[in-house]
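Here is the structure we will look at, set down as structure tokens.
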Amino acid sequence: MPNIDANGISLHYEARGNPADPPIVLVMGLGVQMIVWPDPFCQMLVERGFYVVRFDNRDAGLSTQLDALGTPNIALQYMRYMMGLSVAAPYSLDDMAADTSALIGQLGLQRVHLVGASMGGMIAQNLAASLPSRVASLTSIMSTTGRRSLPKASWRTMRAILSRPAKPNDLKAAVERMMYVVNTISSRTHRPDQDRLRALCELHVARRNNPAGAARQIAAIAASDDRTKIVRQIKVPTLILHGDQDELVPYPAGLETARAIREGGGDARSVIVEGMGHDLPEPLWPRLVEEIAQHCQAADAAANKKDA
């Protein structure tokens with residue numbers, strides 16, 4: 001799997017499928033790597049006729065780590081955010097959207113279907129709003145506009161997100177901490193298989209263990225604050241997927257995202273997925289892939305009809 005220079009950042013990516021097929025670019029969320037998009041999930045999209053690209057965001061996995069920018073004090077930033085005060089960040093979600101745009105350009109892709117999860121959904125939203133000519137459709141999964149009046153994350157999920165490994169710089173402790181976080185935010189109905197989860201967490205930590213990078217990404221989210229004005233600018237066909245068991249970003253955030261897009265004159269459809277938490281549970285992969293594939297195909301059909 002190669003790296004590509006995008007926006008001055010070296011982004012590690014993987015592409016699978018036929019390059020002649022409609023491209024889907026998968027954008028992952030806070031502190032996690034492209035491998036959290038499960039291999040079988042990606043392959044299911046390929047089998048539905050898509051060219052699928054996933055990549056490590058800046059400060060994640062095998063992409064550029066911006067350690068020279070320092071490590072934000074997340075506890076302090078979180079307190080400032082909860083108090084309604086401004087939060088400083090080493091970079092912004094717009095910078096991360098620019099990374100994604102540059103990756104798309106460097107890969108020679110003209111228009112792509114963007115699929116973003118959690119923070120990746122925010123990045124994809126910003127890109128869809130700012131550069132609609134390159135975005136054929138948007139699928140925003142378990143994401144939000146950031147409006148402050150939306151229901152907040154449960155305390156147990158925030159405690160997990162803000163936790164630190166029992167032993168700093170100890171890889172085994174990092175694996176245990178990641179398992180704790182995933183188990184906390186995941187579906188209550190479809191619990192993660194613990195052996196598979198441990199294998200994923202071990203691979204994740206082996207590729208790159210960089211808590212400072214995750215802290216910089218948290219700061220970027222907090223600094224972005226309420227992005228409703230940006231989301232209202234989205235005019236590309238949009239699908240909102242959100243789990244009814246999501247305690248980190250409760251599902252009203254997904255409904256609010258769709259409402260904001262429609263309020264701005266855009267086209268957005270929301271689907272609340274029963275039994276889904278802040279995760280992609282394996283039993284739900286067929287439904288999620290079907291929703292995404294149908295949405296992308298409908299967007300392409302509408303665009304082709306318009307161009308005819």
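Nothing in this text is a laboratory measurement; each read-out follows from the coordinates by a stated rule. None of these values were measured; they are calculated from a predicted model. No Cβ is skipped: glycine too gets one built from the backbone with ideal geometry, and neighbour counts run over all protein chains shown.
Whole-Hz Karplus values for the range 56-73 come out as 7, 4, 3, 6, 9, x, 9, 7, 4, 9, 9, 5, 5, 7, x, 10, x, 7 Hz, taken residue by residue from phi with 6.51 cos²θ - 1.76 cosθ + 1.60 and θ = phi - 60°; glycine and proline positions read x. For the range 91-98, putting each phi into the Karplus relation 6.51 cos²θ - 1.76 cosθ + 1.60 with θ = phi - 60° gives couplings of 7, 10, 4, 5, 4, 5, 5, 5 Hz, in residue order, rounded to whole numbers and with x for Gly and Pro.
With no solvent and one equal point scatterer placed on each C-alpha of the range 3-307, evaluate the Debye formula and give log10 I(q)/I(0) for q = 0.06, 0.07, 0.10 Å⁻¹, two decimals. Relative scattering, expressed as log10 I(q)/I(0), comes to -0.17, -0.23, -0.50. Over the range 61-159, the alpha carbon radius of gyration divided by the compact-protein estimate 2.2 N^0.38 Å works out to 1.24. Helix-only arithmetic for the chain: the sum of -39500 (n - 2.57) across DSSP H runs with n ≥ 4, divided by the residue total, places the mean residue ellipticity at 222 nm at -13500 deg cm²/dmol. Among M44, M28, the ranking by other beta carbons within 10 Å of each residue's beta carbon, starting with the fewest, stands as M44, M28. Restricting the calculation to alpha carbons of the range 158-308 gives Rg and Dmax of 18.4, 61 angstrom.
Between N183 and A20, the simple spin-label model (points 7 angstrom out along Cα→Cβ) gives 4.9 nm. Just checking the listed ones, T71, T144, T257: in the Gaussian network model of the chain with Cα springs under 10 Å, the one fluctuating most is T71. With the convex hull constructed from alpha-carbon coordinates only, the range 89-147 shows a mean projected area of 4.1 nm² over all directions.
For the chain, a Gaussian network of Cα nodes joined below 10 Å ranks A166, A220, A253 by mean-square fluctuation, and the top entry is A166.
Give the shape of the range 164-228 as rounded, prolate or oblate, defined through the alpha-carbon gyration tensor: a ≥ b ≥ c are the square roots of its eigenvalues, a/c under 1.5 means rounded, and otherwise the shape is prolate if a/b is larger than b/c and oblate if not. Here the range 164-228 falls in the oblate category. Each DSSP beta bridge with both residues in the chain is either parallel or antiparallel, and the antiparallel ones are about 25%.
Which of the three applies to the range 119-209, rounded, prolate or oblate, going by the alpha-carbon gyration tensor with a ≥ b ≥ c and a/c under 1.5 meaning rounded? It is prolate, given that a/c is not under 1.5 and a/b is the larger ratio. Spin-label model, D225 to E282: label points 7 Å out along the Cα-to-beta-carbon direction sit 4.4 nm apart.
Net charge of the neighbourhood of A117, taken over other residues with C-beta under 12 Å away and scored Lys/Arg +1, Asp/Glu -1, is -1.
Shown here: the range 133-184, whose C-alpha atoms stretch 46, 30, 17 Å along the first, second and third principal axes, sorted largest to smallest. The translational diffusion coefficient of the range 227-296, from Stokes-Einstein at 4 °C and 1.567 mPa s with a Kirkwood hydrodynamic radius over alpha carbon pairs, comes to 103 µm²/s. Would you please classify the overall shape of the range 1-114 from the alpha carbon gyration tensor, given that a ≥ b ≥ c denote the square roots of the eigenvalues, rounded means a/c under 1.5, and beyond that prolate means a/b larger than b/c while oblate covers the rest? Here the range 1-114 falls in the prolate category. If a spin label sat at a point 7 angstrom from the Cα of E202 along the line to its beta carbon, the backbone N atoms of the range 163-184 nearer than 14 Å would be those of 171-176, 179.
What the phi angles of the range 292-306 give under the Karplus curve with 6.51, -1.76 and 1.60, with θ = phi - 60°, is a coupling list of 5, 4, 5, 5, 5, 5, 5, 5, 5, 5, 5, 5, 5, 5, 5 Hz, glycine and proline written as x.
Between L241 and S140, I141, M142, V271, the built amide H atoms are under 5 Å apart, and every one of these is 5 or more places off in sequence or on another chain.
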